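Student: Structure in structure tokens, see below.
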Amino acid sequence: MKVMKFGGSSVRDADHIRRAVDIFSASPDTRAVICSAMKGITNDLIDGANRAAAGDESYRDLISAIRIRKLEAIQELFSDIRAAEEMKQAIEAELEELNNICHGVFLVRECSPRSLDLIMSFGERMSNRIIAAYAASRGEEVFFVDARELVLTDDSHGEAEVLFAESYERIRSRFHSREGTGIVTGFIASSPRGITTTLGRNGSDYSAAIFGAALSADDIEIWTDVDGVLQADPRVVPGAGVIRDLSVEEAMELSYFGAEVLHPSTMIPAVEAGIPVWIKNTLNPDVRGTRIARNVSSGPGLITGIASIPGVSLINVIGGGMVGSKGTAMKVFSAFARAGANAIMISQASSEHSICVVVRSSEAARAVRYLREALEHEIRHKIIQEIQEIDGLEVVAVIGGNMRGKPGVSGQLFHALGGKNINVLAIAQGSSEMNISFVIDEKDHSTCLNCIHTAFFPQSQE
Ligand SMILES: Nc1ncnc2c1ncn2[C@@H]1O[C@H](COP(=O)(O)OP(=O)(O)O)[C@@H](O)[C@H]1O
Ligand SMILES: N[C@@H](CC(=O)OP(=O)(O)O)C(=O)O
């Protein structure tokens, strides 16, 4: 039995929805189909909420644009006039509710994370209603599931924590009482008090893993717009090939370091339940795709993939006085934690002369402010000479289970970068020896990814 998920790119319009329904209806053992909002709609909803909160009436234009996309899709999908009319009415009712909520935000000039979750939920609610009704109109045995009735979370709005035991129980009981395929809203959930929450941006993959684990699926299939997980971002490295099999650890590393096709933490419920996750292409359904599973051995290459996180800053705490001084590192990392800045990468010179931490640029100024406060004593007594912030950078990570215990990977890597005159500002290696990450100037993005790809995957270049 399978659980499938179709991302925003796979349900972006009527043509894609048709293909998605073709795919799941050709696979009768599909018990649940989790769909995202049509591509771009979640961003439009966030934009609309922000405009309304700023007192800008143009939020209405965004809702009108969403309405047009929905009505066009309905028009193309439903040949039966009555069915199309019913669907239109259902969507108009959702849009009216959305409009009222946004009007409330406009009046109070404020959009709390809780209100934003509710506003974002309309993307998945509307797309899944249309997909379920369209599949039913083709004679498929399907039932619509608003995941807010089944997936329970705490109330940390924006990226809520799932309450697994209660959610699994509800999912199992709903599916045991129904025949056919459940068409389930991804991304959205609710708190025990019934308040709408979301699982974090791109959270529909996570929803698929939750339903897969709850229903003990044999496989989870994530359908997207590329042939699988590729060796690098195909928009930057056009020659990147498909990775056939990925271990869970490699997949986690790739997603952590920005491979957009996967999302961190997504796979945890599936992994814990031992369910393989497949990444497949809605536009090319016959291609095998990538399989992510436990105990997969890495492919033949020295590395498996390359990923990168743009928009980062490097914060360098420099001071000869730190050598042998106990507790400075602790002060540094506590300051980052208090500033709410997530350390993406950390590297400390072995001379203990500097600690360098990479954070998202949006968090950098605040982190530096907290650091200066926390290290005031050290700065005054010249234990620390400088706290440096360098912006406009990118973290690149080279990942692969085969790197473990194999000498020469770093040599080959930095030789390739040197050959293209790419300056490396900091380097770190995970203790799992499964990744080498380093910091470069953002301007070297494309040259860097392409030269690493050429160096490690020469066979993909033809
Ligand atoms: N290593 C990679 N492998 C495959 N796709 C990648 C990779 N890195 C970035 N991408 C991008 O991720 C996109 C798919 O992710 P996303 O847009 O979130 O899909 P969906 O809409 O299906 O959820 C692809 O179109 C591709 O451009
Ligand atoms: N619609 C949500 C959830 C999601 O997972 O979307 P997608 O599958 O298109 O990444 C978002 O944009 O964050």
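Student: Just need a number here: residues in the range 392-447 that are among the β-branched types (Val, Ile, Thr) and assigned to a strand (DSSP E or B).
Tutor: Going through the range 392-447, the residues among the β-branched types (Val, Ile, Thr) turn out to be 395-396, 398-399, 409, 422, 424, 427, 436, 439-440, 447.
Add one more test, that the residue is assigned to a strand (DSSP E or B), and what stays is 395-396, 398-399, 427, 436, 439-440.
Summing the residues that are among the β-branched types (Val, Ile, Thr) and assigned to a strand (DSSP E or B) in the range 392-447 gives 8.
Student: Next question. Across the range 25-60, which residue is farthest from the chain's Cα centre (by Cα) among those that are within 15 Å of ligand 1 (Cβ to nearest atom) and in a helix (DSSP H, G or I)? Write out each step before concluding.
Tutor: Filtering the range 25-60 down to residues within 15 Å of ligand 1 (Cβ to nearest atom) leaves 33-44.
From what's left, in a helix (DSSP H, G or I): 41-44.
Details: Ile41: 16, Thr42: 13, Asn43: 14, Asp44: 18 Å.
Per the stated criteria, the residue is Asp44.
Student: A follow-up question, please. From Thr328, Thr266, which residue is more than 16 Å from ligand 1 (Cβ to nearest atom) and either touching a Ser or Thr at 6+ places or on another chain (Cβ under 6 Å) or hydroxyl-bearing (Ser, Thr, Tyr) (or both)?
Tutor: When all the criteria are applied, what remains is Thr328.
Student: OK, next. Is it the case, given these coordinates, that Ile279 is farther than 26 Å from Ile452 by Cα and within 17 Å of the chain's Cα centre (by Cα)? So that I can check it myself, show each step before the final result.
Tutor: On the way: farther than 26 Å from Ile452 by Cα: no; within 17 Å of the chain's Cα centre (by Cα): yes.
In short, no.
Student: Filter the range 10-36 for residues that are polar (S, T, N, Q) and under 14 Å from Pro285 (Cβ atoms) and give the result. Step through it out loud before you land on a result.
Tutor: So in the range 10-36, the residues polar (S, T, N, Q) come out as 10, 25, 27, 30, 36.
Correct list: Ser10, Ser25, Ser27, Thr30.
Student: Between Glu72, Glu97, Glu110, which is closer than 19 Å to Ile46 by Cα and either in contact with a Phe, Trp or Tyr (Cβ under 7 Å, 6 or more places away or on another chain) or assigned to a helix (DSSP H, G or I) (or both)? Show your work before the answer.
Tutor: Working: Glu72 fails: closer than 19 Å to Ile46 by Cα; Glu110 fails: either in contact with a Phe, Trp or Tyr (Cβ under 7 Å, 6 or more places away or on another chain) or assigned to a helix (DSSP H, G or I) (or both).
Only one candidate passes the filter, namely Glu97.
Student: Among the residues of the range 1-12, write down those that are in a loop (DSSP other than H, G, I, E, B) and within 13 Å of ligand 1 (Cβ to nearest atom). Break it down into steps so the answer makes sense when it comes.
Tutor: Restricting attention to the range 1-12, the residues satisfying the condition of being in a loop (DSSP other than H, G, I, E, B) are 1, 7, 12.
Of everything in the range 1-12, those that are in a loop (DSSP other than H, G, I, E, B) and within 13 Å of ligand 1 (Cβ to nearest atom) turn out to be Gly7, Arg12.
Student: In the range 75-94, what residues are of a type outside the set (A, V, I, L, M) and either under 28 Å from the mean Cα position of the chain (by Cα) or not in a helix (DSSP H, G or I) (or both)? Full working, then the answer.
Tutor: Residues of the range 75-94 that are of a type outside the set (A, V, I, L, M), as a first pass: 75-76, 78-80, 82, 85-86, 88-89, 92, 94.
Passing the criteria: Phe78, Ser79, Asp80, Glu94.
Student: Given (1) crowded, with 16+ Cβ neighbours inside 10 Å; (2) touching a helix residue (DSSP H, G or I) at 6+ places or on another chain (Cβ under 8 Å), where does Asp117 come up short, assuming only one miss?
Tutor: (2)
Student: Separate question: Taking Ser334 and the conditions (1) farther than 30 Å from Pro238 by Cα; (2) in contact with a strand residue (DSSP E or B) (Cβ under 7 Å, 6 or more places away or on another chain); (3) hydroxyl-bearing (Ser, Thr, Tyr), which numbered condition does it fall short on, given that it satisfies the others?
Tutor: (2)
Student: Right, another one. Can you find a residue in the range 127-149 that is away from ligand 2 (no atom under 14 Å from the Cβ) and hydroxyl-bearing (Ser, Thr, Tyr)?
Tutor: yes
Student: Moving to a separate point now. Give, as residue ranges, the strands (runs of 3 or more DSSP E) completely inside the range 162-248 that count at least 2 residues that are within 11 Å of ligand 1 (Cβ to nearest atom).
Tutor: On the way: elements: 181-185, 188-190, 196-198, 219-224, 245-247.
Those strands (runs of 3 or more DSSP E) span 219-224.
Student: Taking the condition of being surrounded by fewer than 23 Cβ atoms within 10 Å (Cβ to Cβ) and within 16 Å of ligand 2 (Cβ to nearest atom), how many residues in the range 212-233 meet it?
Tutor: Adding up the residues that qualify gives 2.
Student: Are any residues in the range 34-52 free of Cβ contacts under 8 Å to residues at least 12 places away in the same chain and near ligand 2 (Cβ under 8 Å from one of its atoms), and if so, which ones?
Tutor: Applying the first criterion (free of Cβ contacts under 8 Å to residues at least 12 places away in the same chain) to the range 34-52 yields 43, 51.
Within the range 34-52, Asn43 is the sole residue that qualifies.
Student: Among (1) over 23 Å from Gln89 (Cα atoms); (2) within 16 Å of ligand 2 (Cβ to nearest atom); (3) touching a Gly at 6+ places or on another chain (Cβ under 8 Å), there is one condition Leu62 misses while meeting the rest; what is its number?
Tutor: It is condition (1) that Leu62 fails.
Student: Another question, then. Go through the range 250-335 and tell me which strands (runs of 3 or more DSSP E), entirely inside it, have 1 or more residues that are surrounded by 15 or more Cβ atoms within 10 Å (Cβ to Cβ), within 16 Å of ligand 2 (Cβ to nearest atom) and aliphatic (A, V, I, L, M).
Tutor: 277-281
Student: For Ile346, which of the numbered conditions (1) in a strand (DSSP E or B); (2) surrounded by fewer than 18 Cβ atoms within 10 Å (Cβ to Cβ); (3) within 16 Å of ligand 1 (Cβ to nearest atom) fails to hold?
Tutor: With (1) in a strand (DSSP E or B); (2) surrounded by fewer than 18 Cβ atoms within 10 Å (Cβ to Cβ); (3) within 16 Å of ligand 1 (Cβ to nearest atom) applied to Ile346, the lone miss is (3).
Student: Another question, then. If a residue must be within 12 Å of ligand 2 (Cβ to nearest atom) and among the hydrophobic types (A, V, I, L, M, F, W, C), how many such residues does the range 8-19 contain? Outline the logic, then answer.
Tutor: Of the residues in the range 8-19, the ones within 12 Å of ligand 2 (Cβ to nearest atom) are 8-12, 16.
Now restrict to residues that are among the hydrophobic types (A, V, I, L, M, F, W, C): 11.
Of the residues in that region, 1 qualify.
Computed from the coordinates by the stated procedures, all read-outs in this text should not be read as laboratory data. What you see is a predicted model, and the numbers here were worked out from it, not measured in a lab. Methodologically, a virtual Cβ is constructed for each residue, glycine included, from the backbone with ideal geometry; neighbour enumeration extends over all protein chains shown.
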